[in-house]
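**Student:** Below you'll find the structure I mean.
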């Protein structure tokens, strides 16, 4: 009973981590940079959703759309502020720029929303009773969140495979020079990658908000968990990011249930350190075989 | 030598620092001590990030390890400060050495994230190993005394910090101008090329991590004595960004730049002390603006526009000749 409960809740949070990881991987695939402000994008999106849903009393769906739109805009800004001016810079500068941006976002959120309360809470989506499926106990809230995360993933996969913009992103990730030669405006693709990554983060934040409390320092921890998930796939594999997210979520949930609740916080760090030291190219290395 | 050369300006500042305890009030003394602590942190971090080019994020954790070791040895084992303080520095140095192990396999982003994960794991230990670290609430350290010397604690600590900051800055200048500094820069500019020149990557990377660990450990010990209090939140991400902003604002790859950056940011830190959100925005924005518009930091402006601020990666010829021994590498003269 405990195991199945932990497994289900691990998969739920894991699906959200997978969304965070997807955003990180999309940006890294296109531009070769890790956006250290990714967690702060999530945090800001969470607060925006809170303002729209709790503050302005808009319905949840409208809040979702509004937040996603704002997430998209913040992603475009991230590209303009912290990536495009540094196109020819070294990695140290690129990383420090996004770190700087993350602190600007965090400070801004603290000034706007920090004074209200230490933690803001978001109302639950459904009040329904837990469903018992044989030995499995499923909380409807978790079901809704997991379904939402899955919908975002499917929508993204469709975008990436079926639309021209998605194909341009794929081409640029594969070979930026060749993409430029065939007329793809790669700087637009980078902007698109930041925007889409941030949009997915915003969607994840809105899905996550009812399960957690909102506070200005929440971003970094989420970023690290998303990053741990992304590392499992070697930072470039989208299916790897999804798998990694669920892995991190389940490991975290089991560690919390069987060892100690404080072990939850440290599990993702251990996953990162272990994967990086043992297999720096990711666990799905064999998936790198080129399809002809 | 021009009047406003680096040496003259810094000597005047040093003279000012020496008479400050008789001119200022307890608050300026506190800020002065804090400044020297941050000078140590910035100089050590610059050796690792600016010179050796290792994008590590564990400096705040090392700072914390130095502070916790110094404080806990005093509280738990009742060692005197002057025994606990060197132990703190040694432990931080050793941890630095251990972190350098993954650095040999990883570079760039992966190193950044492993060290970041390490820093977070350190925070977790500070928070949850309550039997030893007193957990989230932190603990008070005993007031240190400079007993045989006729000075009060704040003044004594001020001069101790000043002495260490001066000595370790001079040491860093000399290291940077030595074979070791040149090896660091060679590793930063191209690992393969450095290795083909006969530079032992393992040795020099480990050295860079150990040195920055040592500087942070010393700073941590002094910090615990300055505040009389050690708690996990003093060594978090904010602290890490503060150190990074210092070396970026001052100038990556310049010891002088670390001094400049530490000076400016400590002033800003104190001016904005009441507003955490504003501090975060200010330091984040400084980091971003300098990385985008002035990648060499403030010191690059000085180097371009004033004479006597150069930092060549070799000793001045006169001193080099004095130091040269048969069998050591010759110093290229001009």
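Please treat every number below as a calculation from the coordinates, not as lab data. None of these values were measured; they are calculated from a predicted model. Counting neighbours? That spans all protein chains shown, and the Cβs are built from the backbone with ideal geometry, glycine included.
**Student:** Modelled label-to-label distance, residue B:10 and residue B:193, 7 Å Cα→beta-carbon offset: nm?
**Tutor:** 2.7 nm
**Student:** Shifting gears a bit: Across peptide B:113-123, what mean number of C-beta atoms from other chains lies inside 10 Å of a residue's C-beta?
**Tutor:** Partner Cβ neighbours, averaged per residue: 6.
**Student:** If each residue's Cβ is checked for other Cβ atoms within 10 Å, how do B:309, B:22, B:173 rank with the fewest at the top?
**Tutor:** Final ranking by Cβ density, sparse to dense: B:22, B:173, B:309.
**Student:** Something else now. I'd like the mean, over residues of B:239-251, of how many other protein chain beta carbons sit within 10 Å of each residue's own Cβ.
**Tutor:** Going residue by residue through B:239-251 and averaging, the value is 2.
**Student:** Between residue B:301 and residue B:289, what length in nm is gained on full extension when 0.36 nm per residue of separation is reduced by their alpha carbon distance?
**Tutor:** Result for the pair: 2.8 nm of gain on full extension.
**Student:** Over the C-alpha atoms of segment B:197-328, what are the Rg and the largest Cα-to-Cα span, Dmax, in Å?
**Tutor:** 18.2, 58
**Student:** Moving to a separate point now. Is segment A:217-256 rounded, prolate or oblate when judged by the Cα gyration tensor, a ≥ b ≥ c being the square roots of its eigenvalues, rounded requiring a/c under 1.5 and prolate requiring a/b larger than b/c?
**Tutor:** In terms of gyration-tensor shape, oblate.
**Student:** Here's something else I'd like to know. Subtract the Cα-Cα distance of residue A:217 and residue A:274 from 0.36 nm times their separation in residues, and report this length gain in nm to one decimal.
**Tutor:** 18.0 nm
**Student:** Once you put a point 7 Å from the Cα of residue A:163 and another 7 Å from the Cα of residue A:259, both along the Cβ direction, what distance in nm separates them?
**Tutor:** About 4.1 nm separates the two model spin labels.
**Student:** Counting only C-alpha contacts under 8 Å and six or more residues apart, can you give the relative contact order of chain B as a whole percent?
**Tutor:** Taking the mean separation of contacting Cα pairs over the length of chain B, I get 31 percent.
**Student:** Another question, then. Sorted by mean Cβ packing within 10 Å, highest first, what order do the peptides B:50-62, B:91-103, A:142-154, B:190-202 take?
**Tutor:** Top of the packing list down: B:50-62, B:91-103, A:142-154, B:190-202.
**Student:** While we're looking at this one, here's another question. Mind giving me the nanometre distance, one decimal, between the label points for residue A:185 and residue B:149, set 7 Å out from Cα along Cα→Cβ?
**Tutor:** 6.5 nm
**Student:** Mean shadow of chain B, computed from the convex hull of its alpha carbons, in nm²?
**Tutor:** 18.6 nm²
**Student:** Can I ask one more? If packing is taken as the average count of other Cβ atoms within 10 Å, what order do A:182-192, B:226-236 fall into, highest mean first?
**Tutor:** Averaged packing, sorted descending, gives the order B:226-236, A:182-192.
**Student:** Per residue of B:55-67, count partner chain C-beta atoms within 10 Å of its C-beta, then hand back the mean as an integer.
**Tutor:** 1
**Student:** Also, I was wondering about something else. Principal axis extents for segment A:2-215, Cα atoms only, whole Å, descending order, please.
**Tutor:** For segment A:2-215, the Cα spread along each principal axis is 57, 42, 31 Å.
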